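The values are calculated or read from the model by the stated rules, or taken from the named source; none is laboratory data. These numbers come from a predicted model, not from an experiment. Every residue, glycine as well, gets a Cβ built from its backbone with ideal geometry; the counts of neighbours run over all protein chains shown. Just so you know, the surface numbers come from the protein's heavy atoms only, side chains and all, with ligands and any DNA or RNA stripped out. Shrake-Rupley method; radii C 1.70, N 1.55, O 1.52, S 1.80 Å.
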2 protein chains.
Amino acid sequence: MNKSTKDIVVVGSVAFDDIETIKGKKDRLLGGSGTYFSLAASLFTKVHLIGIVGDDFNEEHIDMFHSKSISTNHLVQESGKTFSWGGKYSDDFNQRDTLFTDLGVFEHFAPKIDSQQFVQPILFLANIQPSLQMDVINQMSEPSLIIMDTMNLWIDNNLDELFQVIRKVDILLINDEEAVDLTGIDDIYKAGLSLLEEGPKYIIIKKGSEGSLIVSNEDNISIPAIPNIDVFDPTGAGDSFAGGFLGYLASQRFNIVDAVLHGTAIASYTVSGFGIEGIEKIELNDIKKRIKLLNDLIEEL
Amino acid sequence: MNKSTKDIVVVGSVAFDDIETIKGKKDRLLGGSGTYFSLAASLFTKVHLIGIVGDDFNEEHIDMFHSKSISTNHLVQESGKTFSWGGKYSDDFNQRDTLFTDLGVFEHFAPKIDSQQFVQPILFLANIQPSLQMDVINQMSEPSLIIMDTMNLWIDNNLDELFQVIRKVDILLINDEEAVDLTGIDDIYKAGLSLLEEGPKYIIIKKGSEGSLIVSNEDNISIPAIPNIDVFDPTGAGDSFAGGFLGYLASQRFNIVDAVLHGTAIASYTVSGFGIEGIEKIELNDIKKRIKLLNDLIEEL
């Protein structure tokens with residue numbers, strides 16, 4: 001029985017971003033997929049950030065992670081420059097031009113993980129090279145769940161390695177355009193079904209301001225985005241989506257109260273007849289009505 | 001990742017009951033802890049009933065189990081009489097006199113379990129002898145959860161064996177009076193805490209028409225009973241409570257939709273500022289408001 005919150009291990013980039021949008025221009029913002037993911041997931045559970053930074057990375061940045069209970073034990077600092085990136089968004093935010101990419105110390109990033117530190121963690125592989133993602137999977141002992149993201153760069157250049165990783169994961173998060181590129185299928189729902197066949201139990205297709213689509217063998221569910229958001233900077237939206245998604249899953253506990261409510265409702269039917277006649281004919285809907293009654297009673301207390 | 005409904009294996013009695021209450025008198029009712037439990041749990045998941053019946057057990061009873069998708073592959077039929085029991089309840093249902101007990105074939109019940117048939121099932125040990133409960137635990141390979149019930153007879157006569165079983169289980173279901181008898185502690189909350197120290201993660205104390213109390217290291221929660229029930233026959237209330245409780249737990253799936261809603265809500269904060277400023281300060285309460293908004297949107301669709 002596992003009832004407690006799980007830790008999350010994330011491997012991703014930590015970077016300095018120069019960003020220009022219709023709302024303004026800011027330089028040297030702390031960013032990177034690992035950063036955005038960790039911040040979001042840390043709302044729910046303990047996060048261990050695996051990554052690399054240069055000697056231009058300040059104590060104040062480390063302190064920010066620690067203030068969120070994000071472990072930086074696996075965030076290596078090496079001499080050289082932290083990964084930096086510059087981008088400019090179109091006025092409608094639908095296009096993004098990369099102005100520069102300076103990999104810095106990230107170019108030779110080769111994570112070394114002491115997997116003994118983690119007990120059946122949830123592992124998130126942000127959109128780094130597939131070979132690094134695989135390397136991390138191989139170093140982890142018994143993750144309880146593996147989730148990955150990816151990006152066009154690897155679809156274009158490392159397709160075989162990318163599919164090898166996809167076959168190892170439980171959940172694939174991917175943008176709508178990437179899902180189409182990756183499968184060659186224009187319909188994103190069908191693209192999702194085709195990716196399901198590679199092994200993941202869920203394909204979650206992110207559609208930006210149009211929400212997301214969950215594709216699985218049981219259900220296909222569309223989730224809207226929050227409407228009327230005044231966007232300043234879309235950077236990190238996907239990574240923080242992943243962090244919120246996984247943080248929530250990691251914090252899900254054994255729902256003992258709901259279970260007791262179900263037992264209570266059923267027992268109330270049992271005693272309403274002789275022998276089994278009180279429960280022989282009931283259906284889940286009958287039970288749900290009585291559970292609602294119980295919840296109302298509990299709220300009154 | 002385990003997202004699918006788990007099977008439940010229950011070992012308990014299958015019996016014919018003669019029951020007299022203020023509402024009437026009925027003979028040869030199909031009963032027994034295994035029967036009540038299975039019927040309740042079968043609302044949620046596949047149930048495998050381990051038990052024994054005599055040659056007076058009819059095809060129609062077997063058919064009733066099968067109509068509920070309850071497997072009787074482990075319900076052995078032997079020559080002799082099915083366990084039968086007669087009881088009479090006081091007019092307020094608070095007292096029960098046993099009029100007769102005829103163990104029949106149950107007297108020499110020694111379950112043989114082919115544990116290969118079950119994949120990480122949930123195991124429920126109804127209120128049979130502790131030695132039989134232990135025997136079943138030892139025959140099961142890798143149950144994902146073990147839950148037990150017990151009764152005064154074993155507290156009075158088999159205390160050491162009973163504690164050995166309690167130390168092996170994840171959840172103990174017990175009546176309020178039994179909890180007091182078992183621990184010698186009058187306060188049922190304190191009795192529950194004392195039983196927690198034996199190993200179970202949860203002690204669920206059933207208080208009949210007064211509901212139940214969940215005792216754990218994290219929370220202690222009182223759950224009311226359904227009020228104003230016109231009681232005909234309290235027999236099986238506790239066993240069907242256990243069946244509803246465990247059936248619900250077994251059917252709990254990976255809540256992917258809620259997880260996506262959390263990711264969506266957090267991403268909406270991320271894009272509302274440059275870099276990480278949009279998510280650096282948010283709290284779970286902020287997210288919950290946006291999730292409510294998303295749920296309202298989904299309902300409108």
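Among residues other than B:VAL47 whose Cβ falls under 15 Å from its Cβ, what is the net charge (Lys/Arg +1, Asp/Glu -1)?
0
For region B:73-140, what's the radius of gyration and Dmax over Cα atoms, in angstrom?
15.8, 47
Over chain A, what is the mean sequence separation of C-alpha contacts under 8 Å (at least six apart), divided by residue count, expressed as relative contact order in percent?
Over chain A, the number comes to 18 percent.
Give the span of region A:213-285's Cα atoms along each principal axis, as three whole-Å numbers ordered largest to smallest.
Result for region A:213-285: principal-axis Cα extents of 65, 27, 24 Å.
Which ³J(HN,Hα) values in Hz, rounded to whole numbers, follow from the phi angles of region B:286-294 under the Karplus curve 6.51 cos²θ - 1.76 cosθ + 1.60, where θ = phi - 60° and Gly and Pro get x?
4, 5, 4, 4, 6, 5, 4, 4, 5
Using only the alpha-carbon atoms, how far is helix A:130-139 inclined from the longest principal axis of chain A? Give it as 0 to 90 degrees, nearest 10.
Once rounded, the angle reads 60 degrees.
Are there GluC sites (Glu not before Pro) in region B:147-200 that DSSP marks as loop and that have at most 13 other Cβ atoms within 10 Å, and which are they?
B:GLU197
Give, as a single signed number, the net charge of other residues whose beta carbon lies under 14 Å from the beta carbon of A:ASP160, with Lys and Arg counted +1 and Asp and Glu -1.
Local charge sum for A:ASP160: -1.
In terms of the Cα gyration tensor, with a ≥ b ≥ c the square roots of its eigenvalues, is region B:1-155 rounded because a/c is under 1.5, prolate because a/b exceeds b/c, or oblate?
prolate
Sort all Cα-Cα distances of region B:4-83 into consecutive 5 angstrom bins from zero, then give the percent of pairs in each bin up to the one containing the longest distance.
The distribution over region B:4-83 is 3, 15, 26, 24, 15, 10, 5, 1, 0, given as percents.
Report, to one decimal in Å, the Kirkwood hydrodynamic radius for region B:6-51 based on all distinct Cα pairs.
Roughly 11.5 Å, rounded to one decimal.
Could you work out the mean projected area of the convex hull around the alpha carbons of chain A, in square nanometres to one decimal?
The Cα convex hull of chain A, projected and averaged over all directions, gives 20.0 nm².
So what's the net charge close to A:GLN139: Lys and Arg +1, Asp and Glu -1, counting the other residues with Cβ under 15 Å from its Cβ?
-1
Lysines near A:LYS207 by alpha-carbon distance under 17 Å, same-chain residues fewer than 8 away left out - which ones?
Partners found: A:LYS190.
Students often forget the sequence filter, so: which aspartates and glutamates lie under 18 Å Cα-Cα from B:LYS281 once same-chain residues fewer than 8 apart are removed?
A:GLU60, A:ASP63, A:ASP230, A:ASP233, A:ASP239
Taking a probe of 1.4 Å, how large is the accessible area per residue of chain B, in Å²?
Per residue, chain B has an accessible area of 43 Å².
Based on DSSP loop calls and a cut-off of at most 12 other Cβ atoms within 10 Å, the longest stretch of chain A free of exposed trypsin sites (Lys or Arg not before Pro) is what?
For trypsin sites (Lys or Arg not before Pro) (loop position, at most 12 other Cβ atoms within 10 Å), the longest site-free span of chain A is A:1-111.
Tabulate in residue order the Karplus-calculated ³J(HN,Hα) for region B:180-186, using 6.51 cos²θ - 1.76 cosθ + 1.60 with θ = phi - 60°, rounded to whole Hz; enter x for Gly and Pro.
5, 4, 5, 9, x, 10, 6
Hand me the chymotrypsin sites (Phe, Trp or Tyr not before Pro) from region A:39-73 located in a DSSP loop with no more than 11 other Cβ atoms within 10 Å, in residue order please.
When the chymotrypsin sites (Phe, Trp or Tyr not before Pro) of region A:39-73 are filtered for loop state and at most 11 Cβ neighbours within 10 Å, nothing remains.
Report the dimensions of region B:131-171 along its three principal axes from the alpha-carbon atoms, largest first, rounded to Å.
Reported extents, whole Å, longest axis first: 31, 18, 13.
Leaving ligands and nucleic acids out of the surface, order A:LEU29, B:LEU193 by accessible area at 1.4 Å, largest first.
B:LEU193, A:LEU29
Any chance you could list P(r) for region B:68-208, counting all Cα-Cα pairs in 10 angstrom bins from zero, rounded to whole %?
The calculated distribution, bin by bin, is 10, 35, 34, 19, 2.
Once you sort the root eigenvalues of the Cα gyration tensor of region B:42-106 as a ≥ b ≥ c, which label holds: rounded (a/c under 1.5), prolate (a/b larger than b/c) or oblate (the other case)?
Cα axes put region B:42-106 in the oblate bin.
How big is Rg to Rh over the protein assembly as shown, alpha-carbon atoms, Rh as the Kirkwood inverse-mean-distance radius?
Reported Rg/Rh, Kirkwood definition of Rh: 1.06.
Would you kindly give the portion of the calculated P(r) for region B:177-265 that falls above 16 Å, as a percent of all Cα pairs?
Tail of the P(r) past 16 Å holds 66 percent of the pairs.
Determine the order of A:THR264, A:THR5 by accessible area, beginning with the largest, at a probe radius of 1.4 Å.
Highest to lowest solvent-accessible surface, that is A:THR5, A:THR264.
Once each part is reduced to its C-alpha centroid, what is the distance from region B:181-195 to region A:30-52 in angstrom?
Between the Cα centre of region B:181-195 and that of region A:30-52, the gap is 44 Å.
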